[in-house]
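Beneath this line is the structure, given in structure tokens, with notes to follow.
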Amino acid sequence: MNPSKICGHRTLILPVALLALAGANVLCAAADAGTTSNSAAAVSNGQSQTDEIARLKATLAEQQKQLQMLQQTLQSQQALLDKALGSQSGTSGASTTPAGTFNSVGQVASTSRIIPVAPLPVAYPTPIAAPLPQAKSGAGGNPCSGPYGGDIPPYLRLGNVCIVPVGFMDLTPFWRDKNAASSMGSNFGSVPYNNGAAGNLSEFHFSEQNSRVGFRIDGDWKGAHFIGYNEFDFNGTSGATNLAVSNGAIVPRLRLFWVDVRKSKIEFLGGQSWSMMVPNRRGISALPGDLFYSQVIDINYIAGLTWTRQPGMRILYHPNDKVTFGFSAEQGDQYMGGSGGGGQIVLPTGLAGLVATQLDNGAGFSSSPAGSYLGQPTLTPDFIAKVAFDPSSRFHFEITGIESNFKTASLAAPWTHHTTTGGGVEVGANVELVKNLRAIANGFYSDGEGRYLFGAAPDLVVRADGSLSALHADSWIGGFEANVRNTLLYTYYSGDYIGRNTAIDTNGSLIGYGYKGSANSQNRDIQEITFGFNQTMWKNPRYGAINVMGQYEWLERMPWYVAAGAPKNTHDNTIYFDLRYTLPGSTPNF
């Protein structure tokens, strides 16, 4: 027989038995009263009629008291039964998740691992109720399908999946000693020179645009674990021009939107994610906490970092828990410079029409909405291959390769086509030297992949005959991260080197990138030194976390050509301060 039916019958038997007992008492009392009345009639001289009436009243009062007690007991049993049945109905098909099995806040919030590991959550006592039958856990041990355990899990349940809120609320005051006009993020390639007005002005701003909001969904289905990830910030382009006057209405912007499925040794991901070119801290995971994009407050991170967020697909193979192989096809771009402060190439006079029709200068294409890549001609996706080694939690090493293909057509008949191929290789390591002290090193060498350096370098140049040539670009990162109690300390030295690639136009003038007489926006070298802290003031997986952060950034850029009397380089100093509240929640262990 079903245990729940037994428990239900047992719960009903008790009030029925009590009713039967009360009825028996009433009958016995009536019988006693009748016997006493007959005796009084037979022995009329020994007892008075008044005493008999008093005894009968006392007996009836006692029976009334018992009936009231029985009614109260029955009401209590009914309330307990209703509560038990309602709880059983609301949690049907779920499994008990033991206390202390939840991840920390820092592993879920959409940042790098900037929040030290939170203590295990305290189990909350279960309210007193009728005993419930224990349901079996979901297929594959899914902790999101079964009755809740004795604690309150820091995630939401929908069907057989778990939903975790992702994000934080930021307020970031920042100051620069030059008016770079780049909003909160640094445009590394466009620091103003001292011989202009912007180089002699400073700026101070408050910004909440780095705040994030999103969600993560986890579940197991037939032995496959799936993750859905969504994330927005508020750095979108606003159509309003009075944001600083009377309207601070900032605009949301999609950052990440992807789904990942893993079964056994095979894993597949599709959607908009961090590119596989981004260095990892662990494996080849796309989760923000498993990536290295520094710990800085600057929303454009650090000079020399290879990164972008773009749509694509990837497939991963895990032969064991220490090695991962990955291959991805991601959105391509025919980038000629001009984004994020990067200098543009100079096109041949007769091919100036390639701008915004076949080559991307960071301002969108004439055949597509402003800022969209959907109208851009591309020959193939960018192909990326990566292998990661994680022999222990203290050591991560990876090698990444990339190939990009470019194609242009002449602007008038007879139609001719020109193609070239770019490629690069990246090597990175993340090592815990001693407990709570990690060293980071990353190097990138490429021809035709400057777009992945936050657009600091163009991908290619165009010669007078229309042929294409990939432009050389390198980068490097070195740094340390240390956890001291509830404080994270970090420092990085990083930069880019952009090669020279010149040609002669049909009119005899120099074109391309880095030639004699080129604009001082065509950078040769960009370097950055930065350090900062992240202090966790308070944290709890059920209530969130409060952090106070600070960062100092020194940035320098040097052009390929310096005109007579012009500055040979320029630099700026930036100070960030940040107050952050991170949303509560964490994913269960699968």
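Name the single residue, out of those in region 239-257 being outside any strand (DSSP E or B) and either within 24 Å of the chain's Cα centre (by Cα) or closer than 24 Å to Ser275 by Cα (or both), that is modelled with the lowest pLDDT.
Result: Ala249.
So which of Thr574, Thr582, Thr570 ends up being β-branched (Val, Ile, Thr), open to solvent by less than 10 Å² (accessible area, probe 1.4 Å) and within 26 Å of the chain's Cα centre (by Cα)?
On inspection, the qualifying residue turns out to be Thr582.
Could you check region 514-532 and list, in sequence order, the residues that are farther than 17 Å from Pro567 by Cα and in contact with an Asp or Glu (Cβ under 6 Å, 6 or more places away or on another chain)?
Of everything in region 514-532, just one residue is farther than 17 Å from Pro567 by Cα and in contact with an Asp or Glu (Cβ under 6 Å, 6 or more places away or on another chain), namely Thr530.
Answer yes or no as to whether Val355 is surrounded by fewer than 20 Cβ atoms within 10 Å (Cβ to Cβ), of a type outside the set (Gly, Ala, Ser) and modelled with pLDDT under 95.
Judged against the criteria, Val355 is a match.
If I filter region 434-469 down to residues being basic (Lys, Arg) and farther than 30 Å from Leu488 by Cβ, which single residue comes out as farthest from the chain's Cα centre (by Cα)?
Applying the filter and picking the extreme gives Arg463.
With respect to Ala464, determine if the residue is closer than 20 Å to Ala503 by Cα, not in a strand (DSSP E or B) and not hydroxyl-bearing (Ser, Thr, Tyr).
Yes, satisfied.
Just to be sure before I move on: is Asn523 over 30 Å from Asp459 (Cβ atoms), touching a Lys or Arg at 6+ places or on another chain (Cβ under 7 Å) and touching a residue at least 60 places away in the same chain (Cβ under 8 Å) in the structure I sent?
In short, no.
Looking at region 309-322 only, could you name the residues that are open to solvent by 30 Å² or more (accessible area, probe 1.4 Å) and in contact (Cβ under 8 Å) with a residue 24 or more places away in the chain?
Arg309, Pro311, Met313, Ile315, Tyr317, Pro319, Asp321, Lys322
Count, please, the residues in region 489-540 that happen to be within 30 Å of Thr582 (Cβ to Cβ) and touching a strand residue (DSSP E or B) at 6+ places or on another chain (Cβ under 6 Å).
Final tally of qualifying residues: 18.
Examine region 183-194 for a residue that is part of a strand (DSSP E or B) and surrounded by fewer than 22 Cβ atoms within 10 Å (Cβ to Cβ), and state whether such a residue exists.
no
Do we find that Asn210 is over 22 Å from the mean Cα position of the chain (by Cα) and either among the β-branched types (Val, Ile, Thr) or part of a loop (DSSP other than H, G, I, E, B) (or both) in this structure?
Answer is no for this residue.
Among the residues of region 494-508, write down those that are without any contact (Cβ under 8 Å) to a residue 60 or more places away in the chain and surrounded by fewer than 17 Cβ atoms within 10 Å (Cβ to Cβ).
Listed by number, the residues that qualify are Ile504, Gly508.
Between a first residue in region 226-237 that is of a type outside the set (Gly, Ala, Ser) and a second residue that is in a loop (DSSP other than H, G, I, E, B) and modelled with pLDDT of 95 or more, which pairs have beta carbons less than 6 Å apart while being 6 or more apart in sequence or on different chains?
Taking only residues 6 or more apart or on different chains, the pairs are Phe234/Ser211.
If the requirement is being at negative phi, open to solvent by 60 Å² or more (accessible area, probe 1.4 Å) and touching an Asp or Glu at 6+ places or on another chain (Cβ under 7 Å), which of these qualifies: Thr400, Thr421?
After applying the criteria, what remains is Thr421.
Would you mention how many residues in region 506-532 are aliphatic (A, V, I, L, M) and in a loop (DSSP other than H, G, I, E, B)?
Number of matching residues: 1.
Within region 179-203, can you find the residues that are in contact with a Phe, Trp or Tyr (Cβ under 9 Å, 6 or more places away or on another chain) and over 17 Å from Asn300 (Cα atoms)?
Listed by number, the residues that qualify are Gly199, Ser202, Glu203.
Step by step: first the residues of region 153-177, then only those that are more than 23 Å from Ile227 (Cβ to Cβ) and either among the aliphatic types (A, V, I, L, M) or modelled with pLDDT under 95 (or both), then the one that is least open to solvent (accessible area, probe 1.4 Å). Which residue is that?
Leu171
May I ask you to say which residue of Gly332, Gly283, Gly304, Gly342 is modelled with pLDDT under 95, in contact with a strand residue (DSSP E or B) (Cβ under 8 Å, 6 or more places away or on another chain) and buried (at least 19 other Cβ atoms within 10 Å of the Cβ)?
Gly342
The values are calculated or read from the model by the stated rules, or taken from the named source; none is laboratory data. Just so we're clear, the structure is a prediction, and the values are computed from it rather than from any experiment. Here Cβ is always computed from backbone atoms with ideal geometry, including for glycine, and neighbour counts include all displayed protein chains. These area figures cover heavy atoms from the full protein model, side chains too; ligands, DNA and RNA do not enter into them. Shrake-Rupley method; radii C 1.70, N 1.55, O 1.52, S 1.80 Å.
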